[in-house]
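Right, one structure below, let's go through it.
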4 protein chains.
Amino acid sequence: MIIVLRREATDDDVKAVVERLKSIGCEAHVSVGQTRTVIGAIGDRELIQQLPWEAMSGVEKAVPVLKPFKFVSRDFQSEDTIIEVRGVPIGDPGLCVVIAGPCAVESRDQLFRTAEAVKKAGARVLRGDAFKPRTSPYAFQGLAEAGLQLLAEAREEFDLPFVAEVLDPRDVDLVASYADILRVGTRNMSNFTLLQEVGRQPKPVQLKRGFTATLEEWLNAAEYIFKEGNHQVIMVERGIRTFDTAARNTLDVTAVPLLKQMSHLPVIVDPSHSGGRRELVLPLARAGVAAGADGIMVDVHPTPDTALVDGAQALLPSEFTELVVQVKRVAEAVDRTV
Amino acid sequence: MIIVLRREATDDDVKAVVERLKSIGCEAHVSVGQTRTVIGAIGDRELIQQLPWEAMSGVEKAVPVLKPFKFVSRDFQSEDTIIEVRGVPIGDPGLCVVIAGPCAVESRDQLFRTAEAVKKAGARVLRGDAFKPRTSPYAFQGLAEAGLQLLAEAREEFDLPFVAEVLDPRDVDLVASYADILRVGTRNMSNFTLLQEVGRQPKPVQLKRGFTATLEEWLNAAEYIFKEGNHQVIMVERGIRTFDTAARNTLDVTAVPLLKQMSHLPVIVDPSHSGGRRELVLPLARAGVAAGADGIMVDVHPTPDTALVDGAQALLPSEFTELVVQVKRVAEAVDRTV
Amino acid sequence: MIIVLRREATDDDVKAVVERLKSIGCEAHVSVGQTRTVIGAIGDRELIQQLPWEAMSGVEKAVPVLKPFKFVSRDFQSEDTIIEVRGVPIGDPGLCVVIAGPCAVESRDQLFRTAEAVKKAGARVLRGDAFKPRTSPYAFQGLAEAGLQLLAEAREEFDLPFVAEVLDPRDVDLVASYADILRVGTRNMSNFTLLQEVGRQPKPVQLKRGFTATLEEWLNAAEYIFKEGNHQVIMVERGIRTFDTAARNTLDVTAVPLLKQMSHLPVIVDPSHSGGRRELVLPLARAGVAAGADGIMVDVHPTPDTALVDGAQALLPSEFTELVVQVKRVAEAVDRTV
Amino acid sequence: MIIVLRREATDDDVKAVVERLKSIGCEAHVSVGQTRTVIGAIGDRELIQQLPWEAMSGVEKAVPVLKPFKFVSRDFQSEDTIIEVRGVPIGDPGLCVVIAGPCAVESRDQLFRTAEAVKKAGARVLRGDAFKPRTSPYAFQGLAEAGLQLLAEAREEFDLPFVAEVLDPRDVDLVASYADILRVGTRNMSNFTLLQEVGRQPKPVQLKRGFTATLEEWLNAAEYIFKEGNHQVIMVERGIRTFDTAARNTLDVTAVPLLKQMSHLPVIVDPSHSGGRRELVLPLARAGVAAGADGIMVDVHPTPDTALVDGAQALLPSEFTELVVQVKRVAEAVDRTV
């Protein structure tokens, strides 16, 4: 931690900060500049970060040198985390995993038609939600356990592990008893109760980025899961909120190499929820893979214009088949297979 | 809903939209312009808003005319909602309610010293949290039920109703059994599970705005609570995320008159969490009241530089006493008492 | 400047940074922590800030301790700057200056009717633009010199100094030959050519904040003007871009006390362009004054629904008269007269 | 234009809007819904867009159906614009143009070493600026005409057309007399004076996106140039401002397919200024090309750690050579050559 004093700070202010550091067993390096005194705090990171330095007299600001997260950082583990899900290695630097399926499970027919098509096109993991967080309380909220049962049947029928969202800490065991991967959605990235609960069960967890979360906040959320003992976290970039309204959100491809540098966790890109429009899915999927993502997650629906959730972004099965062909070419250009 | 077709839309595309509207019992007004056809959809708002118009062939965009929320809107209830909490009328246009206390309850001594001081200075409601959502999993998370017990004791001792945050849907009954008002925090504004749970119990609910939530998203969150039967919702503006880093967040005073126009709910301003710095609390409190807020909520701590949470923004009791004097003057200038 | 090295930085990397600092006559304070080495650079601020530290091997980031601006900072001048314009002291801590008039000058009749009304209501400075920057090239761009002539006539007729925008560095002399105060608009805050040109003439300059400018960027823009010799700069907060769309922009009242702390320059608030809607002008004007602004600038038009620019936000003369009455009450509550 | 009335609007309010539309020769389609009346305005787009509908009594909002720009839209010209610069076809769907060179021209040696290297590696256009807009007035501002002369010499020596920034409308003729392409930078995207001036000369213009500009605002800026008669505009996406601070800006790859859909203009991506860090240039360049960009523009410097501007993002010539090899692979995967 670097503690910058105000111009008008007194010697007593400096002394008080130094004493406070010593009192917690840390060292203080004092640098007196022309207009500001700066104190470097050296010692136990967590102890130092928790004290209210900016509340002390004469302190202008406290700038952390280290990140607040630990287990999820490259500093802690230098090799890539690879998460095996029924034989699919997510995070393998030679593979670009394709995850696909309907946004929400609506019926057996809708799910099975989609699952069959995405399996045939090359997807390795099925997506499909039974619990949907909706901005309006009047919108369709999902089939709940009945949806999970259909997903489990589709897994057997088409040999596809599946990922499903969990919204409520009380549903974690239920979803974990069916799904191969749990998902914590964008709106729940800072729902620490839910993060702790998914951290206490053994299934891998997809963690979507909050609408305007910084990478540091996102990795802090992953740290919550790690701290409870679950080290299988998959980061999902799904577009951030920016001022342009032509697309629903803005895919942050810069986050992909940055996360790879800051952390050892796998990173997946979701071009469907990012763009929110069918014609953007292919260019965004290509861009995400070119930026170094370990995979993509794509919404597919047999009849998008009757979809109960997010129809505008769902690809038809035939469009998805073509997407996989095109994404494979880009993946190969960055030394990955699909 | 206004449905705008693409320039290249065909007559069949237009016909399909019109048919779809008729099939759900709605009317379609077709306007053919020089380069675009526009279809006005007239009928049941919720039915219309749930269909995926933008997934239909030839549709460029669908622009809602009405807001997605209903019960919380001025359209639904034109008179102001006033929420009585142990005799304190929150939302009364003649009153500016002062809520104050420590950010987190740390000890009996810390809480009681603060409660005594804020009561004496003129606060009508006590704040103090027993459950804290922290960005880092390594930070202090609150005293839990022991904190609620201390708050309940302070209520009796100083005759101050209190508000406390709830983080976990499983704790709603516990918090509601002690607190006079529950709070849903910024990070949980879109935690729909928690919103539904606080909507199913009878205590009033403070709903803080998400870091980058639009007013419409915030009112949708309030609608979640209303829909479950709890109509006592207090909106709390606590600063939004913007690009400047000189203060922690940016108090959005424009939200105050806008919410008053769009909704009938009381609006409180939190100058402490907005600015994140002690010297900003007074100017922001004054600005919030001048903009028309029904009250303010302020962090006070007897020894901010030992505070376990947010010490940099906490006022000393003596500073708070002066703040109430100054805020009272501004309140009177906009025809409110404190 | 604090230079933080990467975890994997070598001793040679550290040595290279230290040598580089010595080579420009500066000192290096090296602190070796558990996982990072940090180097404090002490010496000539401008020399240090211009070197590309982050391009050096092993450097993770360089964190400035001091602000890049100098003359406009409180560090440089501790007393408030007060700018006298024909007897009106802008920046006087006891005064809240009211500036009012039409957004754009459209005709002699429109201007004179407005000027007469605002003078009578208590305005001390007239606003009115002859050059308008418009997002669309097809919109009305102003009356140019003819507009300035009308403004100069209105000044004599109603004894009101006036402020007018300048867009083009080639027009600076022209505008300065008529106006009492020049304005650099939001879209030109980073037009350094224009900033330099207004810095080379003697009239005071209003500098509007860019749509998403940080306070530091805004003060850097003021520094451009200062550096050319003109020390009469008035900062105008006019709302920033945020995600909500219910108002045009979001008035940043936190900027008022922050600017007052960081700088010695006067700060004016523009509630008309912030909100973009007539009914928001009063609450935003009150909030700005309560936050500590040295004045407000308000759009007034005799017939807003025929206005060629920004009619939706213009007050009628009668509404403006009432606004001054109300704003005066708030100003008095913060120890200012109007 | 769709004009939505307030719930409390009267019949007279509706009549007034309809009359106003008729008075300018337009038609009004009135749709009376359950809670709102909506009026569709049909007729001359520019006339309708300029009237202050939202200032009229009873009007809640006016929603434009058409974009405010015209000549730059796909509606106006359906085929792609291809701009030939000394034989290099920018905007050709089969080509990914590589533009490279130093951010700022510092010396003959620095420029020539860089130009030689980028030519050899496969660049088709040279970049290098003689006028630099700097946030701080104390930073290096460029070599001015001497820099342009060096660029012109390098063009002859290495057979590379070059692009250079222009900051001041008074310098447009000067820069145009040397450069093959002019650039309007990010900070000047809304400097309408400069846009008009570059629109009145015959050289192609690169138009960088403003830090937080919407696509519509950016295309409006291009329209300013078009309207003056210059139809050779190249859009340059260079990263937008978002909340994350790990990189300098956030490359908006979604803008690439969106611009291609909304407009016929070429789109170039600048991975160097987006990321601001050397190690991000390759992944961002790949992502931009994969998203469909017509080319990339990359900063190269023989000795980045002595660079006077933006050293942290400049590639070494050897790194650039490898970048071209890698980008070529991705370009081929989307059917382009380099």
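Coordinate-derived values only; no laboratory data. Treat the numbers as computed from the prediction; the structure is a model and nothing was measured. With ideal geometry, Cβ positions are generated from the backbone for all residues, glycine too; neighbour counts draw on all protein chains shown.
Summary of values
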read-out: As computed over segment A:1-48, the Cα convex hull volume per residue (Å³); value: 56 Å³
read-out: Relative contact order for chain A, counting Cα pairs under 8 Å that sit 6 or more residues apart, in percent; value: 16 percent
read-out: Rh (Kirkwood; distinct C-alpha pairs) - segment C:48-120, Å; value: 17.6 Å
read-out: Test item: Cα-centred dipole of segment A:62-128, Lys/Arg +1 and Asp/Glu -1 on Cβ, debye; value: 160 debye
read-out: Inter-centroid distance (Cα atoms) of segment A:124-165 relative to segment A:169-206, Å; value: 14 Å
read-out: Stokes-Einstein translational diffusion, segment D:86-153 - Kirkwood Rh over all Cα pairs, 0.692 mPa s, 37 °C, in µm²/s; value: 250 µm²/s
read-out: Segment B:202-242: projected area of the alpha-carbon convex hull, averaged over directions, in nm²; value: 2.7 nm²
read-out: With Cα atoms, 0 to 90° folded angle of helix C:11-23 axis to chain C main axis; value: 60 degrees
read-out: Computed magnitude of the charge dipole of segment B:162-202 (debye, nearest 20; Cβ of K, R +1, Cβ of D, E -1); value: 120 debye
read-out: Pairs of Cα atoms farther than 61 Å apart, the protein assembly as shown, %; value: 8 percent
read-out: Rounded tilt (10° steps) of D:108-121 against the dominant C-alpha axis of chain D; value: 80 degrees
read-out: For A:Ser78, D:Ser272, order by how many other beta-carbon atoms lie within 10 Å, fewest first; value: A:Ser78, D:Ser272
read-out: Nearest-ten-degree value, helix B:317-333 long axis tilted from longest Cα axis of chain B; value: 50 degrees
read-out: Computed label-point distance, nm, for sites A:Lys22 and D:Arg108 using a 7 Å Cα→Cβ extension; value: 6.2 nm
read-out: Phi to ³J(HN,Hα) by Karplus 6.51 cos²θ - 1.76 cosθ + 1.60 over segment D:291-301, Hz, x for Gly, Pro; value: 6, x, 5, 7, x, 10, 10, 10, 7, 10, 8
read-out: Amide H partners (placed H, <5 Å) of A:Ile234, local residues excluded; value: A:Val205, A:Gln206, A:Leu207
read-out: More than 21 Å apart - percent of Cα-Cα pairs taken over segment B:195-278; value: 30 percent
read-out: Longest to shortest principal axis, alpha-carbon extents of segment C:40-90, angstrom; value: 58, 17, 15
read-out: If the convex hull is drawn through the Cα atoms of segment D:282-338, its volume per residue in Å³; value: 71 Å³
read-out: Burial ordering of D:Ser274, B:Ser107, fewest other beta-carbon atoms within 10 Å first; value: B:Ser107, D:Ser274
read-out: Stokes-Einstein D for segment C:80-123, Kirkwood Rh over Cα pairs, 25 °C, 0.890 mPa s (µm²/s); value: 206 µm²/s
read-out: Part-to-part distance (alpha-carbon centres) for segment C:66-108 and segment A:1-56, which is given in Å; value: 37 Å
read-out: Nearest-first distances (nm) between copies at C:Arg86, label 7 Å from Cα via Cβ; value: 5.5, 5.9, 8.0
read-out: Semi-axes of the equivalent ellipsoid for segment B:1-134, Cα gyration tensor, largest first, Å; value: 55, 18, 12
read-out: Isotropically averaged projected area of segment C:179-338, using the convex hull of Cα atoms (one quarter of hull area), nm²; value: 9.6 nm²
read-out: Relative contact order (percent, whole number), segment A:18-62, Cα cutoff 8 Å, 6+ residue spacing; value: 26 percent
read-out: For segment D:165-207, diffusion coefficient by Stokes-Einstein and Kirkwood Rh (Cα), 4 °C, 1.567 mPa s, µm²/s; value: 131 µm²/s
read-out: Residue among A:Arg209, A:Arg241, A:Arg45 with the largest mean-square fluctuation in a Gaussian network model of chain A, springs linking Cα atoms under 10 Å; value: A:Arg45
read-out: 7 Å along Cα→Cβ, label-point gaps from A:Ala139 to other copies, nm, shortest first; value: 3.0, 3.2, 4.1
read-out: Distance in nm between pseudo-label sites at D:Thr337 and C:Val325 (7 Å out along the Cβ direction from Cα); value: 7.8 nm
read-out: Nm distances between copies for A:Ser57, ranked from closest, using label points 7 Å along Cα→Cβ; value: 4.8, 6.3, 7.7
read-out: Size-normalised alpha-carbon gyration radius of chain D, reference 2.2 N^0.38 Å; value: 1.14
read-out: Beta bridges by DSSP in the protein assembly as shown, antiparallel share as percent, to the nearest 5; value: 40 percent
read-out: Taking segment A:199-245 and dividing mean pair separation by its residue count, relative contact order in percent (alpha carbons under 8 Å, at least six apart); value: 54 percent
read-out: Evaluated at q = 0.13, 0.23, 0.30 Å⁻¹: base-10 log I(q)/I(0), Debye formula over Cα of segment C:134-189; value: -0.35, -0.96, -1.27
read-out: For A:Glu84, A:Glu79, order by how many other beta-carbon atoms lie within 10 Å, fewest first; value: A:Glu79, A:Glu84
read-out: Cα-Cα separations in segment B:107-233 greater than 24 Å, expressed as whole percent; value: 30 percent
